[in-house]
Amino acid sequence: MNGAGPRAPGEAVTAWRPQRVPGIAEVLHARFVRHRYPLHAHSTWTVLIVDDGAVRYDLDRRPHGTEEAPVTLLPPGVAHDGRAAGGSGFRKRVLYLDPAALDPGAAGTGGLVGPAVDRPGVADPVLRRRLDELHRALVVPGEELHAESRLALVAERLARHLDPAAGPSRAPADDLAGRLRDLLDTRLVDGVTLAEAGRLLHAHPGHLVRTFSRRFGLPPHRYLDARRVERARSLLLDGTPPAATAAAAGFHDQAHLHRRFVRLVGVTPGRYARSGPAVR
């Protein structure tokens, strides 16, 4: 669902393209009261969650509403419209996913459209929660790996909705988690996307996240955060200023370092750097 034109008071739209999260063509957060979407279609998959109110829409000339399920999945190339179900409007968050995000081969995407037309409502509270986590990660600079991890799990769950017989791909029975950890360690500063890691390790990104989490007790992005904070601690104690430490440890900027450092260490980087002489 996408729209344009004059907005009523209280209506708002925020849209952007995450440059470092492959698979997401656009993110849209919006509140609408009077706006009505005319019939239109997208070249992408549309994944919609509604935080307040409800949306009524026709998909392929059949009426639906977001009250049917916590997640709505609209397929590419199929006409739909949209309007508020009540006078108070609605607030929504939308992902527009590249076709390959739900079908890594992209060739079979057309075969997935039919189930999505028949069942656009996805009654999956876990998927709803993961989408919320993904949207929260997408609005924070430096959270790209976290967002990509969430996206991999979301895409895998959506694919199972479209084709219940399809299971997650499996890598060869080796130490896949250990190889991913080694890759993260070698790319501590530059980072690595899950899509790239999947290509290098010959595994589906969703399988990488689950395998790593089972083996090490935390997802890849949290492991990388912890290793970067560990590196930052050493640099700070060597006298490196926080801004330079952020860049040298692989953080997006000093604010990103600050958030992660406080969460893991309990004090700001500056206070940590100054604590040594006081303790001694």
| Helix 125-138 versus the longest principal axis of the chain: what angle, 0 to 90°, nearest 10, using Cα atoms? | 60
| message | What distance in nm lies between label points placed 7 Å from Cα along the C-beta direction at R61 and L264? | response | 5.7
| request: Using a 10 Å cut-off on Cβ atoms, rank the peptides 49-58, 202-211 from the highest mean neighbour count down. | output: 202-211, 49-58
| query | Quick one: if the Förster radius is 30 Å, what FRET efficiency do E11 and A100 give, using the C-beta to C-beta distance and rounding to 0.05? | reply | 0.40
| task | Quick one: divide the alpha-carbon radius of gyration of the chain by 2.2 N^0.38 Å and tell me what you get. | result | 1.14
| Between A54 and R119, what length comes free when the chain is fully extended (0.36 nm per residue of separation minus the Cα-Cα distance, one decimal in nm)? | 21.7 nm
| query | What ranking, highest mean first, results for peptides 257-266, 185-194 when packing means the other Cβ atoms within 10 Å averaged over each residue? | reply | 257-266, 185-194
| note | Taking a crude spin-label model, label points 7 Å out from Cα along the C-beta direction, the R215 to V78 distance in nm is 3.8
| message | Full-extension gain between S234 and Q254, please, as 0.36 nm times their residue separation minus the C-alpha to C-alpha distance. | response | 5.6 nm
| message | Could you work out how much longer the chain between E133 and R274 gets when fully extended? Use 0.36 nm per residue separation minus the Cα distance between them, nm to one decimal. | response | 47.3 nm
| remark: Plugging the Cβ-Cβ distance of R199 and E68 into 1/(1 + (r/R0)^6) at R0 = 41 Å yields, to the nearest 0.05, a FRET efficiency of 0.65
| At a Förster radius of 41 Å, what calculated FRET efficiency corresponds to the Cβ-Cβ distance of S88 and R20, to the nearest 0.05? | 0.70
| said: Spelling out what I want: for every residue of the range 62-74, take phi, set θ = phi - 60°, compute 6.51 cos²θ - 1.76 cosθ + 1.60 (Karplus), and round to whole Hz; glycine and proline get x. | reply: 10, x, 8, x, 6, 5, 5, 6, x, 10, 10, 10, 10
| note | With Cα coordinates, the longest principal axis of the chain makes an angle with the long axis of helix 269-279, in degrees rounded to 10, of 30
| request: Report, to the nearest 10°, how far helix 205-216 tilts away from the longest principal axis of the Cα atoms in the chain, using its own Cα long axis and a range of 0 to 90°. | output: 40
| the range 156-271: percent of C-alpha pairs farther apart than 26 Å? | 32
| query | So what's the back-of-envelope 222 nm ellipticity for the chain, counting only DSSP H runs of four-plus at -39500 (n - 2.57) apiece and dividing by all residues, rounded to 500? | reply | -14000 deg cm²/dmol
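No value in this document is a laboratory result; all are computed from the given coordinates. Remember, it's a predicted structure, so these values are computed and weren't measured experimentally. Heads up, the Cβs are rebuilt from the backbone with ideal geometry, glycines too, and the neighbour counts pull from every protein chain shown.
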